[in-house]
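**Student:** First the structure, then my questions, so here it is.
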Amino acid sequence: MWIPKSFVPNEAAVHELLTHHGASDLVTMTKQGLVATLLPFEYDPTAGEHGALIGHMARANDQWSLPVLGEAMVIVRGPEAYVTPSWYPTKAEHHRAVPTWNYVTAHVYGQLVVHDDPVWIENQIRRMTDRHEAGYTEPWSVDQAPAKFIEGQLRAVVGVELVISRIEAKFKLSQNQPAKNVDGVIRGLESRSEVHDAAVAAAVRAHNPHTA
């Protein structure tokens, strides 16, 4: 991935993205060509040298059974938003401004390991649901469902683990703009109500090079 110096995040920011991201695209090259599936992953920083992304997919999805040529990749996305040049105070000065798109992403590469093991899969599902149910007043847990039902559900899926070899992350958040334009982007995003605007505004503020 092409990553200008201004958009290179630190390790802590990448760790935060991997820990709290939602669903991501698992991409593999096979003899049949590229195959991709959108999956929710959990980040396990203790696995291997660089951590791992763990998840599961439907057994009926043949991606897990197709031999991978080279490394697999998971495309992780954070918040994203359209940025109008009208938010830049410098536009009124010289009009040398164009629209852009702010976003947070990481390309995570590594070896894809398949776990056709109901114990491994159940542990992964418990970990995933525990994290996502934590904010509810009455969180759901695997133990609430009948054991036989869960056994059937586990047989219908296969565990997948991306053992990470390298991560290319890009946080494009207006860091290449002068301070007053960055402030304008934050104000503009906070005044708009489109999906992710508040999250992108917070990210722009957190990665503002002029206040670091």
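The values are calculated or read from the model by the stated rules, or taken from the named source; none is laboratory data. Note that this is a predicted model, so its numbers are computed, not measured. Here Cβ is always computed from backbone atoms with ideal geometry, including for glycine, and neighbour counts include all displayed protein chains. Side chains are part of the model used for accessible areas, which takes the heavy atoms of the whole protein and leaves out ligands, DNA and RNA. Shrake-Rupley method; radii C 1.70, N 1.55, O 1.52, S 1.80 Å.
**Student:** Does GLU16 satisfy the condition of being under 23 Å from HIS132 (Cβ atoms), open to solvent by less than 20 Å² (accessible area, probe 1.4 Å) and either without any contact (Cβ under 8 Å) to a residue 60 or more places away in the chain or out of contact with any Leu (no Cβ under 6 Å at 6 or more places or on another chain) (or both)?
**Tutor:** no
**Student:** Also, I was wondering about something else. Of the residues VAL119, VAL195, which single one is over 24 Å from the mean Cα position of the chain (by Cα), open to solvent by 90 Å² or more (accessible area, probe 1.4 Å) and under 29 Å from MET73 (Cα atoms)?
**Tutor:** VAL119
**Student:** When you go through VAL204, VAL182, VAL157, VAL200 one by one, which is the residue that is touching a strand residue (DSSP E or B) at 6+ places or on another chain (Cβ under 6 Å), open to solvent by less than 20 Å² (accessible area, probe 1.4 Å) and modelled with pLDDT of 95 or more?
**Tutor:** So the residue among VAL204, VAL182, VAL157, VAL200 that is touching a strand residue (DSSP E or B) at 6+ places or on another chain (Cβ under 6 Å), open to solvent by less than 20 Å² (accessible area, probe 1.4 Å) and modelled with pLDDT of 95 or more is VAL200.
**Student:** Scan the stretch 27-48 residue by residue and report those that are free of Cβ contacts under 8 Å to residues at least 24 places away in the same chain and among the acidic types (Asp, Glu).
**Tutor:** Residue satisfying the conditions is ASP44 alone.
**Student:** Something else about it: I want to confirm something. Restricting to the stretch 45-74 and keeping residues that are open to solvent by 30 Å² or more (accessible area, probe 1.4 Å) and outside any loop (DSSP other than H, G, I, E, B), which single residue is nearest to ARG127 (Cα to Cα)?
**Tutor:** HIS56
**Student:** Pairs only if they're at least six apart or on different chains, beta carbon under 7 angstrom, first in the stretch 95-114 and farther than 18 Å from VAL200 by Cβ and at pLDDT below 95, second open to solvent by less than 30 Å² (accessible area, probe 1.4 Å) and β-branched (Val, Ile, Thr); list them, first residue then second.
**Tutor:** These pairs meet every condition: ALA97/THR90.
**Student:** Restricting to the stretch 129-156, name every residue that is touching a residue at least 24 places away in the same chain (Cβ under 8 Å) and of a type in the set (A, V, I, L, M, F, W, C).
**Tutor:** Of everything in the stretch 129-156, those that are touching a residue at least 24 places away in the same chain (Cβ under 8 Å) and of a type in the set (A, V, I, L, M, F, W, C) turn out to be ILE150, LEU154, ALA156.
**Student:** Sticking with this structure for a sec: In this structure, is SER6 part of a helix (DSSP H, G or I), among the hydroxyl-bearing types (Ser, Thr, Tyr) and touching a residue at least 40 places away in the same chain (Cβ under 8 Å)?
**Tutor:** Taking the combined requirement at face value, the residue satisfies it.
**Student:** Could you look through the stretch 19-44, keep only residues that are among the polar types (S, T, N, Q) and either open to solvent by less than 30 Å² (accessible area, probe 1.4 Å) or assigned to a loop (DSSP other than H, G, I, E, B) (or both), and pick out the one that is nearest to ALA202 (Cα to Cα)? Talk me through it step by step, then tell me what you get.
**Tutor:** Residues of the stretch 19-44 among the polar types (S, T, N, Q): 19, 24, 28, 30, 32, 37.
In the following step, the residues that additionally are either open to solvent by less than 30 Å² (accessible area, probe 1.4 Å) or assigned to a loop (DSSP other than H, G, I, E, B) (or both) were identified as 24, 28, 30, 32, 37.
Details: SER24: 21, THR28: 33, THR30: 39, GLN32: 42, THR37: 29 Å.
Per the criteria, the residue is SER24.
**Student:** Follow-up. Quick one: would you say TRP140 is assigned to a loop (DSSP other than H, G, I, E, B) and either modelled with pLDDT of 95 or more or touching a helix residue (DSSP H, G or I) at 6+ places or on another chain (Cβ under 7 Å) (or both)?
**Tutor:** Judged against the criteria, TRP140 is a match.
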